[in-house]
2 protein chains.
Amino acid sequence: MLKHKHDHNVCIETALEAAQKICEKRETRFTPLRRRVLELVWTKHEPITAYEVLDLLSEGQKRVAPPTVYRALDFLIEEGFVHRIESLNAFVGCSDPEHKHQGHFMICTKCSNVTEMNEASLHSVIERAAKENGYTYENSILEIAGVCANCRN
Amino acid sequence: MLKHKHDHNVCIETALEAAQKICEKRETRFTPLRRRVLELVWTKHEPITAYEVLDLLSEGQKRVAPPTVYRALDFLIEEGFVHRIESLNAFVGCSDPEHKHQGHFMICTKCSNVTEMNEASLHSVIERAAKENGYTYENSILEIAGVCANCRN
DNA sequence: GCCCTGATTGTTATTGAATATCAAGTCATC
DNA sequence: GATGACTTGATATTCAATAACAATCAGGGC
């Protein structure tokens, strides 16, 4: 059964190339390790945990240690290539890495697929709510759980 | 320096009595352990971690084990007396336990205080966003980080 | 009272998530 | 080739959560 309608390899390649270019522009180092971790995150195309990355990364070589993975993930998050899903302790690739931003997500409780919402309206409502409560907005996480259109059938 | 303007003891008492009554109505068991854990959560009046609860609970007696705490917290969350803050791996008492609901929070990055937002407008915007993305809404977490009015001075 | 049943709590052990710390390697630049 | 900044490796530890099973407790029916 085909799970995704798109050619996922293309989608991985695109993400890697984009990351490469952005790093060149920002003069940050897209090392082989960081590239490999980003690739693994994209390969799953569902939220992936740090320890899953660790296992995949360790295949066919000496087992790497947790800090190796966490440091790479930290870099990727810092650069905006990856988002962290708090409610799952997991990570997903960001499809719009050009502009750094906070991720707002929908998570399907059946298939685990994640949709990133880039709606400015949502963002502005949240910022306004913060202001109305007397807070100076810094950032926010929004994770909506539900059943996606595909799975409802 | 006085941190809270209200009499916090009253506030704890109120929460415990409310929980007691709700459990009677629902015919669920508000055991001494569960009561004590809820009390500890309220006592801190900031997000408290499970292991902090564990330490407090163990004072002056044989040390309890993690499952004891987690089971009590699970019950309290189930009943809606406590919310979990995903971004902090911590727990806070809910000030409106009558109606079960998902918590939406503002978290002060300076003083760690948490404000629960009960704005229906926010909730409806989130549900609508879910629908527009083709999802059947189940629940959501919203955690906004910022600096509260008190700390901005 | 006594047994049965289900819920609660205790106990031991383990897994999963993340970080602290220090050592070793890499790489551009002087 | 020496220097210093950044990156990765390696060891150990802390914090977060759960699995699995034993013991205990509360209430209902006999």
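Could you tell me whether region A:16-59 comes out rounded, prolate or oblate from its Cα gyration tensor? Rule is a ≥ b ≥ c as square roots of the eigenvalues, rounded for a/c under 1.5, then prolate if a/b exceeds b/c, otherwise oblate.
The shape class here is prolate.
Taking a threshold of 27 Å on the Cα-Cα distance, which of the pairs A:21/A:131; B:21/B:44; A:25/B:110 fall above it?
In this structure, A:21/A:131; A:25/B:110 lie more than 27 Å apart at Cα.
Between residue A:50 and residue B:138, what is the FRET efficiency for a Förster distance of 35 Å, r being their Cβ-Cβ separation, to the nearest 0.05?
In this case the efficiency is close to 0.85.
So between residue B:149 and residue B:21, what do we pick up on full extension, going 0.36 nm a residue minus the alpha carbon distance?
Net length gain for the segment: 42.7 nm.
Post the alpha-carbon centroid distance, region A:1-77 to region B:21-38, in whole angstrom.
Their Cα centres are 47 Å away from one another.
Kirkwood Rh over Cα pairs of region B:101-153 into Stokes-Einstein at 10 °C, 1.306 mPa s: D in µm²/s?
128 µm²/s
Based on Cβ point charges of +1 for Lys and Arg and -1 for Asp and Glu, what charge dipole magnitude is obtained for region B:1-97 about its Cα centre, in debye rounded to the nearest 20?
Using Cβ point charges on Lys, Arg, Asp and Glu, region B:1-97 gives about 200 debye.
Shielding of B:78-90 by partners, i.e. mean partner chain Cβ atoms within 10 Å per residue?
Rounded to a whole number, the mean comes out at 1.
For a quick check of your reading of the filter: which GluC sites (Glu not before Pro) in region B:18-70 sit in a DSSP loop and have no more than 16 other Cβ atoms within 10 Å?
Passing both the DSSP loop test and the Cβ count: B:27, B:59.
Quote the charge dipole size of the protein assembly as shown about the Cα centre in Debye, to the nearest 20; the model charges only the Cβ of Lys and Arg (+1) and of Asp and Glu (-1).
With Lys and Arg at +1 and Asp and Glu at -1, about 540 debye.
For region A:7-97, what does the alpha-carbon gyration tensor say about shape, rounded, prolate or oblate, given a ≥ b ≥ c as the root eigenvalues, a/c under 1.5 as rounded, and a/b over b/c as prolate?
It is rounded, given that a/c, with a ≥ b ≥ c, falls under 1.5.
What fraction of the Cα pairs in the protein assembly as shown, stated in percent, has a spacing above 34 angstrom?
32 percent
Considering the dipole of chain A built from charges on the beta carbon (Lys and Arg +1, Asp and Glu -1) around the Cα centre, which of A:8, A:76, A:87 is farthest to its positive end?
A:8
Mind checking which of A:103, A:129, A:148 is farthest towards the positive end of region A:102-153's charge dipole, using Cβ charges of +1 (Lys, Arg) and -1 (Asp, Glu) about the Cα centre?
A:148
Give me a single rounded figure for B:122-130: the average over its residues of other chain Cβ atoms within 10 Å of their Cβ.
For peptide B:122-130, the averaged partner shielding equals 4.
Counting other beta carbons within 10 Å of each residue's own, what order do B:64, A:147, B:82 fall into, fewest first?
Fewest-to-most ranking of B:64, A:147, B:82: B:64, A:147, B:82.
Give me the dipole magnitude in Debye, nearest 20, for region B:101-153 about the Cα centre, with unit charges on the beta carbon: positive for Lys and Arg, negative for Asp and Glu.
240 debye
Contour minus end-to-end for residue A:111 and residue A:58, with contour as 0.36 nm per residue of separation and end-to-end as the Cα-Cα distance?
16.5 nm
Just tell me how shielded B:96-104 is by partners: mean number of partner chain Cβ atoms within 10 Å of each residue's Cβ, no decimals.
1
Read-outs: derived from the displayed coordinates by stated rules, not from any lab. Note that the structure is predicted; figures quoted are calculated from it, not measured. When we count neighbours, we look across all protein chains shown, and the Cβ atoms used for this are built from the backbone with ideal geometry, even at glycine.
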